[in-house]
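Beneath this line is the structure, given in structure tokens, with notes to follow.
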Amino acid sequence: MARIKDQHKLEQINKAACVLVLKTGFAGLKMADVAKEADVAAGTLYVYYPTKEALINSLFKEVKSEIVQVLINPKHHSLSFYNTFQKMWLSYFNFCMKFPEKMLFVEHFFHSGLLSKQTIDFAHSIMEPVFEFIKQAQNNELIKKGDVLIIQSQISGPIHETIKLILANKIKPTKTNIHLCFEMSWQAIRK
């Protein structure tokens, strides 16, 4: 009979795995270390994830889903594209500030070759509302034409690099600096 999965334990495991894999890399990640860090028995960990690959793919889907929910939050919708874009951008920036390990995890694994085709397909499919938002702005000649993935990278890439600088204590996340970063992002994509 299958054991019932405890949501709190699952969250502990995911948090531990996210932190550890960034320290050790995929090859250095040991399931026993994840279990120890999560304060669960190794056998319990295998109830949730039978392999390291299953753990990484599941965690990637979970974190990517969180990010998409931040981006497509109905509270962001405004009458103008600029205001909606600004709210989305700031929400993603704040998410990355609050959960830098999640941002780094997704960034690290997306192009790593370690994710299954199903996981990559999932990531692209849940991003579809964001891609449609970009395409609509392109069709309305509000932002530059080009491959949606390239436009999206010009939005998220600078956020990631800025967060890394902040984490390294090289700059402070003042309102002025955050606004400057947003305006540079906007200038990069606007028509």
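The values are calculated or read from the model by the stated rules, or taken from the named source; none is laboratory data. Note that this is a predicted model, so its numbers are computed, not measured. Heads up, the Cβs are rebuilt from the backbone with ideal geometry, glycines too, and the neighbour counts pull from every protein chain shown. Keep in mind that these areas ignore ligands, DNA and RNA; they rest on the heavy atoms of the full protein, side chains included. Shrake-Rupley method; radii C 1.70, N 1.55, O 1.52, S 1.80 Å.
If we scan the stretch 135-147, do we find a residue that is farther than 19 Å from SER80 by Cα and not β-branched (Val, Ile, Thr)?
There is at least one residue in the stretch 135-147 that is farther than 19 Å from SER80 by Cα and not β-branched (Val, Ile, Thr).
Suppose we filter the stretch 53-77 for residues that are open to solvent by less than 40 Å² (accessible area, probe 1.4 Å) and among the basic types (Lys, Arg); how many remain?
Qualifying residue count for the region: 1.
Being in contact (Cβ under 8 Å) with a residue 60 or more places away in the chain and among the small types (Gly, Ala, Ser) is the filter here; which residues of the stretch 93-136 pass it?
Listed by number, the residues that qualify are SER112, SER116, ALA123.
Scan the stretch 154-168 and report the pairs whose first residue is outside the structural domain of PHE110 (by TED's automatic domain parsing) and whose second residue is charged (D, E, K, R), with Cβ atoms within less than 6 Å and a gap of 6+ or a chain change.
Pairs that qualify, where the first residue is outside the structural domain of PHE110 (by TED's automatic domain parsing) and the partner is charged (D, E, K, R): there are none.
Of the residues TYR48, TYR82, only one is aromatic (Phe, Trp, Tyr) and either touching a Gly at 6+ places or on another chain (Cβ under 6 Å) or open to solvent by less than 40 Å² (accessible area, probe 1.4 Å) (or both); which?
TYR48
Restricting to the stretch 69-109, count the residues that are within 20 Å of GLN138 (Cβ to Cβ) and in contact with a Pro (Cβ under 9 Å, 6 or more places away or on another chain).
Result for the stretch 69-109: 2.
Please find, among PHE85, PHE95, the residue that is farther than 19 Å from LYS23 by Cβ and in contact with a Phe, Trp or Tyr (Cβ under 9 Å, 6 or more places away or on another chain).
PHE85
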